[in-house]
Every structure is written in structure tokens, then in C-alpha cells.
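**Q** Dropping the structure in here first, questions after.
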Amino acid sequence: MSSIMTDLPDENGFFGASPNDGDDNQPQQGYGGRYVAETLMPLIGEIEAAYDAARVDTAFQARLEELQRDYVGRATPLYFAERLTEHFGGAKIYLKREDLNHTGAHKINNALGQALLAQRMGRQRLIAETGAGMHGVAVATVAARLGLPCVIYMGATDIERQQPNVQRMHLLGAEIVPVHSGTATLKDAMNEALRDWVANVDDTFYIIGTVAGPAPYPRMVRDFQSVIGVETREQLLATQGRLPDTLVACVGGGSNAMGLFHAFLDDDVAMIGVEAAGEGLESGRHAASLNGGSPGILHGNRTYLLQDDHGQILDAHSISAGLDYPGIGPEHAYLHDSGRASYVAVTDNEALAAVGLCCRLEGILPALESAHALHEAGRLAAEQSVDRVIVVCLSGRGDKDMDTITRHLMPEEAET
Amino acid sequence: MSAMPLNTETLNTDSRLTRRFAALREEQRAALVTYVMAGDPDLEQSRQLLERLPKAGADIIELGMPFSDPMADGVAIQRAGQRALANGQTLVRTLDMVRDFREGDADTPIVLMGYLNPIQRFGEERFLQAAAEAGVDGLILVDLPLEHGAALTARARDLGLARIPLVAPTTPLERLPALLAQGDGFVYRIAFNGVTGSQRLDIAASLGDSLCDLKRQTPLPIAVGFGVRDGDTAAAIAAIADAVVVGSALVERLTDQGIEAALALVGELAEAMQRAP
């Protein structure tokens, strides 16, 4: 199966028209590309070639599938959330249970794929950036499994607020480097990982955690995550004999959303990405690059960014550290502009309420990130008739967020 | 991947950069290229430093345009950029600095170095015109690779701005022709794989060999930068290259000891390079 949309990006890594392809006075600019220093250009070319070879190598794919099944625990269930559906009284809500993966989130789908590619390329050292720590834990996990040393860059601010994941990574044998530069959060961790990579091009593989960065990363990460949508499609066809009407997923960088969406791009299925509205879009304290940002260039790709009038990157804010990033994957920027997917924003408080509701009605503790998508799915379900089907990507479990959740939902317990 | 063919008709044969390199060739010495961050530590001190650099021994000035997320820079230049931004530095102010400098110095080439996003936000065409009008001579754009730079390079050439290509130790020989075809002014050879100022440069024989390879492929002067911290290193590079770039060491000296000490370092380096064989 191929179409205009599923064949993207083009050879230069652009989703949509390439920069300067059209009228020079009105340059049409695509999203994506490879905006990196010359030192890295030959290297990302090597990664692209190695990845394209691995994609069609049956031995590589067989090894990936075997580990996905026996180590990660795939396929994850597509679960009919009966009581949430009853509660909202409209469309049927299904949850794609990525929280049941080994390490508790979708992040390991990509970490495993890239680590196997690194091994195939003979790279002896893995590096990664992490915000909330879920991608860091996933990389530390596969690094341990494959016997490769790994270094995780994490903002000093994030290290303070995500101690359990920091301890987990240490236990798994990872070295954690606190990043103090800039604002000491996820974007700075990514800058620092890029700096490490420039200095260690010969032996190091950089496992980027989301569908962003220079080409081929947005495509490669999407492909490794697309197992989410492929399974969802098979599962719903097998049990209900139909496709969903609507897909809903949270979007920080956007890897779980791209993973869910990709298998349905050519179908008559609505797609909704849910950004973090933080304290509200009007407050200025949010992480909604599409709803509150503008196009620009950061971390090797052109995409929507939170930036000031001078092109300096602004701080993102979200109660969920995993959505706390001032950019978004370039394919989402393209899907947004083309109208193929729509993007809404959900506040900190709405996400917190969705956590409580999902716990009480389904006995499932979702990650704060995923709770953004749950809130939007509930709102939509209530508006739609009972014969409609909504699939929500439950991208991760919420154990890591217990401190934050307790403080906000049960302040009396947090004080004791 | 497409590269722009070499268009010799639009190369700038008479520019401040070509004149400066021709004069230095007469004098049989290499150029000292000094990097400072525009607006660091604040606008007034940065203006003073810029104005006094040529007399202290700088042959060419690289002026950094601060960016919030400088992914190819080490700690010294990152912090310089943060200080400049905290003190309100903008692209407009940086161009004003160049314009003011030009009133007192018509000969010393100034090259702007930075990242693409602030330029795109300002508007590429608007920026190129304003830069040319202010008296800028060239551009080093860290995150604009050959593959995405053809249109900007062509427009810069039309306006008399040199697009200075960065060549890395990782750059394969077969990539050089396309890279060099887009460049003019001079070639910036990054001395090692890493970020600016991250280590002391060790002049290995391999660097000399690689510069010979490069010289065979381009008539442009070759500058070597990243890791030049003292007179000995500067002199060693001056012996094998056309220009020596000093950045982080100068920025650190400015931060730690102020303008006079920074200018003294420029003088020391210039003097050491004069002694080069």
C-alpha cells in the first residue's frame, strides 16, 4: 500500500514541499529536513542508508519482532473501556494499552528498534535525551539487554522532579549526565546529546526519543512506533469487523500519535492530536506548538515551535514532563497544515481529572501525558452516537506521576 | 541531494575579504580571525571590543549572533549567547553594531556566525539585504547544510555576501566539490569533531595532510578553527593554513578578565603568528 501521504518524507527528509522549490519570492517550505552541523551530515547519511537496508532485511525484522513479542510483551491489548463508554453515554471508547509494554510506555518500541540498528552498524555506545525519563528508562533497558553502554542526558530541573526514573536508569547501568545549560529541561538535554554526538561520531549512536530531529529520525521513529496503529487496525477488524471512526493521542514530540495514526492515513478515519494547554493557551504557560506556536528550525528540523518575535526558543510548560517540549515532529506539522489531522489542546487540570476518572471507572492509572488524550476522547464520545468507535492511545502508565497526581488530586494525603 | 553548480561569474573577486587575504599574502602571513559574541557581556562593552579588535591584531572579525539553543557550541559560547540575550541583544542590534563599526573601519572584514532560526524569523531576504547594507562581508550558518542552502547562497552572492562553507573532519572527499562550489570568502575547516572550545587542539600530522587535500580542491583561503587557545597553537596552524580562528578562548578571557585582557590575548596570538615560519 502506498499513497502520497504514506510515501512521505521525500529524499531530503521533507514532509510537504521542500524549501525554495517553488517561486523564489514565495518560498514554499516543507517540514523536516536536515538542519545540522556539517560534522553530523555524513553520519546521518550513514544512518539513513543503514536504516533503509535494515527495513528490508528479513533477519533484522525477525529479530525485532521476536524481541517485541518476548521481551516487550507485544501485541498490546486493544481494550473496550466499557465503564468510560457508559459514563460518557456516546461513542464506544477503546484503549490501545501501550502502558502494558515492558517499562510502561510506548517508548520502548522505538528504543529497541534504534538500538538494534546501532548494533547492526557496529556502534558501541548509545546516547539519548530524556525529559520525564520514560525514553531514558527505555534506552537504559535495551542497552542493558544488548550489552551496550549508554549515557542519558537529562535536564537538572527534570532530574529533581523525576527521581524514581533517575534511580531506575542508574539501576539499569546507565550513566546520567545532568544538563545545566539553557533552561535545564528536555530541549537542553537534546542540545547536549547533539553536542556529545558531534564529539563522538565514530562510535556513538544517538537514539532520539520522538518523531523529531534531522532526517531520517522522524521517519525512522514513526516506523518503529507504527506497530501501534498496525495492531490496532488488525485487532478492531478482527473483533468488530470495522475500522475506528476517530483516533485520539497526546502529542509532545508526537511519537505515540504518529505510531497510532500512520496505518490509517489512507483511510476514512479522523485523527486528533492532543497538545498540552498547560495552564491555558491564553496564559502563555503551555506546550502547544501547533495551537500556540509558529514554524521555525530547531534540533535539525523545520517544524512548529514555541518562539519569541526574535526566533529565540521559549520554554514549554505542562504538568506532564513528557509533553513539556517547545517543538513537535515535522510530520504532525504537515498533517496539521494539510488538514489531514486536527490538533486540540487540553489543560493540566482537565488531564488531572481524566486520571481520576480512568482510575475509578476502569481501574487503570494512566500517565498524565495519556490523560490529555483521554479527556479529549471523553468529550468527543459524549457528542457522538453509540455506533461510533473512538480509539485512544493509552501511551503509558501513571506510576511515575504519583507524586504530582497525589499533590493535586489528594492534597490531604500529600501533606501527611 | 542537489548541489548548486559553481558559477564563477557571480563570485566576488573584489571584496573586503579577498582584498584582506591578498594583502596578507603579500606580507606572507596568516590571518588572525577573532570570534566575539555580539552583545556579550552587554551592548556597550561589546561595541567597544569590536571597535578595538583590529588595532589589537585581528585581521578578520567573526561576530556571533546569539541563539537560545546553540547545539554546536561549547559552554563558553553558550553562556556568552545567554548573557547577550539576557541583555536584550537582537539581530537588529547586531547589524547596528556592524554599521557603527564600519563608520570607523572600512577595511576589516566582518563575518556573521550563527543559527538559522533567528534569521528565518527576521526574514531571510530582509536579513541578507540588511546585512549587506550594514557592511557585513560574509555568513557562517552552522545549521544550514549544503543540501538546504542553495537559494540562500545564491541570493547572498547577489548581494556581495560570502557564504563561508564549514568543512569537518568527517566530511568525505566526494562531498567537497559541491560544498566548495557553494562557498566563497574562505573555507572554515573545523579542526576536530566536537563543539567549539571543547578541547585543546592537538596539531596532528593528519590535519596538515587533510589541509593539503583541501587546498588541491579550492582556490579559496583556508581557515582552521575550534580549539586554538594559545600562541603556540596559533603559530603552528599559521604555518599550515591561511587563517587561524580563535573563539572560545577569547570569549572566556573577556568573561574572566574583561576587555583589556581580551585585547591583550589577541595581541599575544598575533605576535606569536608573526613568528611562525
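**Q** Net charge within 11 Å of residue B:156 by Cβ-Cβ distance, Lys/Arg positive one each and Asp/Glu negative one each, not counting residue B:156 itself?
**A** Within the 11 Å Cβ shell, the charges total -2.
**Q** How much of the DSSP beta bridge set in the protein assembly as shown is antiparallel, as a percent to the nearest 5?
**A** Among the beta bridges of the protein assembly as shown, antiparallel pairing accounts for roughly 20 percent.
**Q** Let me ask you something else. Take the cross-link list A:92/A:400; A:107/A:400; A:107/A:187 and give me the ones stretching past 21 Å between alpha-carbons.
**A** Where the Cα-Cα span goes over 21 Å, the pairs concerned are A:92/A:400.
**Q** Go through region A:339-395 and name the GluC sites (Glu not before Pro) that are in a DSSP coil and have 11 or fewer other Cβ atoms within 10 Å of their Cβ.
**A** Passing both the DSSP loop test and the Cβ count: no residue.
**Q** Any idea what the relative contact order of region A:139-282 is, in percent, if you count C-alpha pairs under 8 Å spaced at least 6 apart?
**A** Across region A:139-282, relative contact order equals 17 percent.
**Q** Could you work out, residue by residue across A:175-187, how many beta carbons of other chains sit within 10 Å of that residue's beta carbon, and then give the average as an integer?
**A** Averaged over the peptide's residues, the number is 2.
**Q** What is the set of long-range amide H partners of residue B:159 at a cut-off below 5 Å, with H atoms built 1.01 Å from backbone N?
**A** none
**Q** Using just the helices of the protein assembly as shown, give the 222 nm mean residue ellipticity in deg cm²/dmol: DSSP H runs with n ≥ 4 each add -39,500 (n - 2.57), and the total is spread over all residues, rounded to 500.
**A** Helix contribution divided over all residues of the protein assembly as shown: -13500 deg cm²/dmol.
**Q** Mind checking the mean number of beta-carbon atoms from other chains within 10 Å of the Cβ atoms in B:108-120?
**A** What the average comes to for B:108-120 is 3.
**Q** Hey, another quick one. If you plug each phi of region B:207-216 into the Karplus form 6.51 cos²θ - 1.76 cosθ + 1.60 with θ = phi - 60°, what whole-Hz ³J(HN,Hα) values come out, in order, with x for Gly and Pro?
**A** Computed from phi, the couplings for region B:207-216 are 5, x, 4, 5, 5, 4, 4, 5, 4, 5 Hz.
**Q** Further question: Below 13 angstrom from the Cβ of residue B:80, what's the summed charge of the other residues (Lys, Arg +1; Asp, Glu -1)?
**A** Cβ neighbours under 13 Å give a net charge of -3.
**Q** Let me ask something else about it. Where in region B:182-277 are there trypsin sites (Lys or Arg not before Pro) that are in a DSSP coil and have at most 15 other Cβ atoms within 10 angstrom of their Cβ?
**A** Loop-located and lightly packed - B:200, B:275.
**Q** Take residue B:48, project a point 7 Å from its Cα along the Cβ direction, then tell me which residues of region B:237-261 have their backbone nitrogen under 19 Å from it.
**A** The answer is B:250-261, whose backbone nitrogens lie closer than 19 Å to the label point.
**Q** Run down the aspartates and glutamates and flag those whose C-alpha is under 13 Å from the C-alpha of residue B:215, throwing out any fewer than 8 positions away in its chain.
**A** Residue B:215 reaches B:242.
**Q** Around residue A:153, which amide H atoms from residues at least 5 apart in sequence, or from another chain, sit under 5 Å from its own amide H, with H modelled in the peptide plane?
**A** A:128, A:129, A:130, A:177
**Q** Also, quick follow-up: Explain nothing, just compute: Karplus ³J(HN,Hα) = 6.51 cos²θ - 1.76 cosθ + 1.60, θ = phi - 60°, for every residue of region B:52-64 in order, whole Hz, x for Gly and Pro.
**A** In residue order, the calculated couplings are 8, 4, x, 5, 6, x, 7, 8, 9, 10, 9, 10, x Hz.
**Q** Quick one: what are the phi-derived ³J(HN,Hα) couplings along region A:251-265, Karplus 6.51/-1.76/1.60 with θ = phi - 60°, whole Hz, x for glycine and proline?
**A** For region A:251-265, the Karplus-derived couplings read 9, x, x, x, 6, 6, 5, 4, x, 6, 5, 4, 5, 10, 4 Hz, x marking Gly and Pro.
**Q** So, one more: With each label point set 7 Å from Cα along the Cα-Cβ vector, what nm distance links residue B:28 and residue A:124?
**A** 4.7
**Q** Compute the signed sum of charges (Lys and Arg +1, Asp and Glu -1) over the other residues within less than 9 Å, Cβ to Cβ, of residue A:90.
**A** Surrounding charge for residue A:90 is +1.
**Q** Given springs between every Cα pair under 10 Å in a Gaussian network model of chain B, which of B:104, B:64, B:74 has the largest fluctuation?
**A** Looking only at B:104, B:64, B:74, the largest GNM fluctuation is found for B:104.
**Q** How would region B:8-274 be classified by its alpha-carbon gyration tensor: rounded, prolate or oblate, with rounded meaning a/c under 1.5 and the a/b versus b/c comparison settling the rest?
**A** rounded
**Q** Separate question: What's the average, rounded to a whole number, of partner chain beta-carbon atoms within 10 Å of each residue's beta-carbon in B:63-73?
**A** Rounded to a whole number, the mean comes out at 6.
**Q** How would you rank A:275-288, B:255-268, highest first, on the average number of other Cβ atoms within 10 Å across their residues?
**A** Put in order of decreasing packing, that is A:275-288, B:255-268.
**Q** Skipping prolines and chain starts, which residues have an amide H placed within reach, meaning under 5 Å, of the one on residue B:113, given they are 5 or more residues away or on another chain?
**A** B:63, B:64, B:65, B:140
**Q** If contacts are Cα pairs under 8 angstrom and at least 6 residues apart, what is the relative contact order of chain A in percent?
**A** Over chain A, the number comes to 19 percent.
**Q** Here's something else I'd like to know. With a ≥ b ≥ c taken as the square roots of the eigenvalues of the C-alpha gyration tensor of chain A, please select rounded if a/c is under 1.5 and otherwise prolate if a/b is larger than b/c or oblate if it is not?
**A** Because its axes are fairly even, with a/c under 1.5, chain A counts as rounded.
**Q** FRET efficiency for residue A:66 and residue A:413, Cβ-Cβ distance as r, R0 = 51 Å, nearest 0.05?
**A** 0.75
Where a number appears in this text, it was derived from the coordinates with a stated rule and is not lab data. Treat the numbers as computed from the prediction; the structure is a model and nothing was measured. Using ideal geometry, Cβ is built from the backbone for each residue, glycine included, and neighbour counts are taken over all protein chains shown.
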